[in-house]
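The values are calculated or read from the model by the stated rules, or taken from the named source; none is laboratory data. It should be emphasised that the depicted structure is a prediction, and the values quoted were computed from it without experimental measurement. Glycine gets a Cβ as well: all are built from the backbone with ideal geometry, and neighbour counts include every protein chain shown. Accessible surface is based on the protein model in full, side chains and every heavy atom, while ligands, DNA and RNA are left aside. Shrake-Rupley method; radii C 1.70, N 1.55, O 1.52, S 1.80 Å.
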Amino acid sequence: MPEKGHRYAAKVDLNKDAAEQPYLHNRWHPDIPTAGTIKPGETVKIECVDWTGGQIKNNDSADDMRDIDLTKIHYLTGPFEIETAEPGDVLLVEIQDVQPLEEQPWGFTGIFSKQNGGGFLDEIYPNPAKAIWDFEGIHCSSRHIPGVRFAGLIHPGILGCAPSAEVLKTWNDREGQLISECSHMDRDVAKPPEPHNVHAGSAGQAIKEKVGKEGARTIPGRPEHGGNCDIKNLSRGSKVYLPVHVKGAKFSVGDLHFSQGDGEISFCGAIEMAGCITIKFSVMKGGMKKLDMKSPIYIPGPVEPQFGPGRYIYFEGFSVDEKGKQYYLDTTVAYRQTSLRVIEYLRRFGYNDYQIYLLLSCAPVQGHVAGIVDIPNACTTMGLPIDIFDFDISPHVEAVKRDMGSCAFTSS
């Protein structure tokens, strides 16, 4: 380790518009200029703004959730050139630490309006809502969801290397076809390139216009590079193996989370935060061929909130929707029903449905596919940690309704 600790590869300014900071960008494109160079074997610190670029405020109104401009997201830090990395290599990313920025010791969980972003349960809960979380060392609590406190499993929601021009074309063609095929639906199924509010780091006007016209949105994870996978176990000590498609890899990271439940079901569903991630980089030459790699691989670290095997309540859901319609082995329908079973259960203690929806998005719940072969029903489960509550929620204990306040809603 250097005598003065690890260097900062990039620092952010929370008082400055994210779109004016040259270390940040909000599209995937191979022509976005690099924000710096990192040597193989080097460990660096990288600061990140929250994924919205500071659009969400620490207050008791969800007006900012209703009015959020989603053409701006996600703001990522990078891209960084990793010396010696070439197409066909694998970039090994070792996450050594993730922390909130000292000047912003809070985060947020949100539900977007169904008309602007939506979420997993937006057919049932279409209105915007928000919870603010205060960080207390490794723990967090919220004035908007009282009676709950838990340790965060801090992690990046997004990390990946830039696509090549060929990979980018594959993404745009593939997602464009889906958009065309689903034009009859009353919801967005994917987002095409969007020139409005594009930020391409330090790029000049010509490159910025090209990125706006061609650049892939950062919303989905994609098989060729990872990206926005929102995997809660990519925490401290984790190792991530990423495919390299361009010279220098052009690695970017962002969307830091203090905590998240499996599925991040409300979309803005983790405890979103501005923070600093410490990463060691290594290059595996020819790694894509050696590993027969088509998508990223990761090994989770040893850090995780410790709830014993008997300290979860598990809820089951099946591919029969709330109206009684049967689906064939549909895990999406099943997990939606699993989520609703937990909401119904916790409602008995005095929480409103939106508070529970927010909580299931950001607390360390365990989501699993239990069965996917027993036709016609897939079965999914969600494990709710009993010990995050300061009262007993066990099934054998009679539920007592308490005054649980409210999450933040809009002013009108």
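Other residues whose C-beta falls under 13 angstrom from the C-beta of residue 68 contribute a net charge of -2, scoring Lys and Arg +1 and Asp and Glu -1. Taking the Cα atoms of the stretch 195-325, the ratio Rg/Rh between the radius of gyration and the Kirkwood radius comes to 1.03. Translational diffusion coefficient of the stretch 325-369 at 25 °C, 0.890 mPa s, Stokes-Einstein with Kirkwood Rh over Cα pairs, in µm²/s as a whole number. Using the Kirkwood radius from Cα pairs, D works out to 213 µm²/s.
In a GNM of the chain with a 10 Å cut-off on Cα contacts, which of 182, 161, 140 has the highest mean-square fluctuation? So, out of 182, 161, 140, the one fluctuating most is 182.
Taking 18 Å as the straight-line reach from the Cα of residue 191, the lysines in range (excluding those fewer than 8 positions away in the same chain) are 72, 114, 169, 210, 213. Scalar couplings 3J(HN,Hα) for the stretch 256-261, obtained by applying the Karplus form with A = 6.51, B = -1.76, C = 1.60 to θ = phi - 60°, are 6, 10, 6, 7, 7, x Hz; x denotes Gly and Pro.
Relative to its Kirkwood radius, the Cα radius of gyration of the stretch 1-112 gives an Rg/Rh of 1.00. Computed on the chain, with alpha-carbon pairs under 8 angstrom and 6+ residues apart, the relative contact order is 24 percent. Distance distribution note for the stretch 77-200: the fraction of Cα pairs above 17 angstrom is 76%. For the stretch 33-117, the solvent-accessible area of protein heavy atoms averages 35 Å² per residue (probe radius 1.4 Å; ligands and nucleic acids excluded). Hydrodynamic estimate: the Kirkwood radius of the stretch 309-388 over Cα pairs, inserted into Stokes-Einstein at 37 °C and 0.692 mPa s, corresponds to D of 254 µm²/s. Which of 131, 85, 165 moves most in a GNM of the chain, Cα contacts under 10 Å? Per the Cα network of the chain with a 10 Å cutoff, 165 tops the list. Computed from Cα positions, the angle between helix 353-362 and the longest principal axis of the chain comes to roughly 40 degrees. For the stretch 252-340, divide the Cα radius of gyration by the Kirkwood radius and give the resulting Rg/Rh value with two decimals. A ratio of 1.07. Looking at the stretch 309-388, the accessible area is 42 square angstrom per residue; that uses a 1.4 Å probe and ignores ligands, DNA and RNA.
Okay, which of the stretch 379-408 sit inside 17 Å, backbone N to the point 7 Å along the Cα-Cβ direction of residue 149? Output list for this probe position: 386-393. Most tightly packed first, judged by the mean number of other beta-carbon atoms within 10 Å of their residues, the peptides 106-115, 231-240, 363-372 read 106-115, 231-240, 363-372.
Roughly to the nearest percent, how much of the accessible area of the stretch 309-388 is carbon and sulfur, given a 1.4 Å probe? Walk me through the numbers on the way to the answer.
Numbers: 1840 of 3340 Å².
Summing carbon and sulfur atoms, their accessible area is 55 percent of the total for the stretch 309-388.
Axis angle, to the nearest 10 degrees, between helix 165-181 and the longest C-alpha principal axis of the chain: 40 degrees. Just the protein heavy atoms count here, and of the accessible area of the stretch 7-299 at 1.4 Å, carbon and sulfur take up 51 percent.
For the pair residue 209 and residue 306, what calculated FRET efficiency results from E = 1/(1 + (r/R0)^6), where r is the Cβ-Cβ distance and R0 = 51 Å, to the nearest 0.05? Show your work: numbers first, answer last.
On the way: r = 51 Å, r/R0 = 0.99.
Taking R0 as 51 Å, the efficiency between residue 306 and residue 209 is 0.50.
Based on protein heavy atoms only, the stretch 180-297 ends up with 40 Å² per residue of surface accessible to a 1.4 Å probe. Between helix 331-347 and the chain there is an angle of about 50 degrees, using the helix long axis and the longest principal axis of the Cα atoms.
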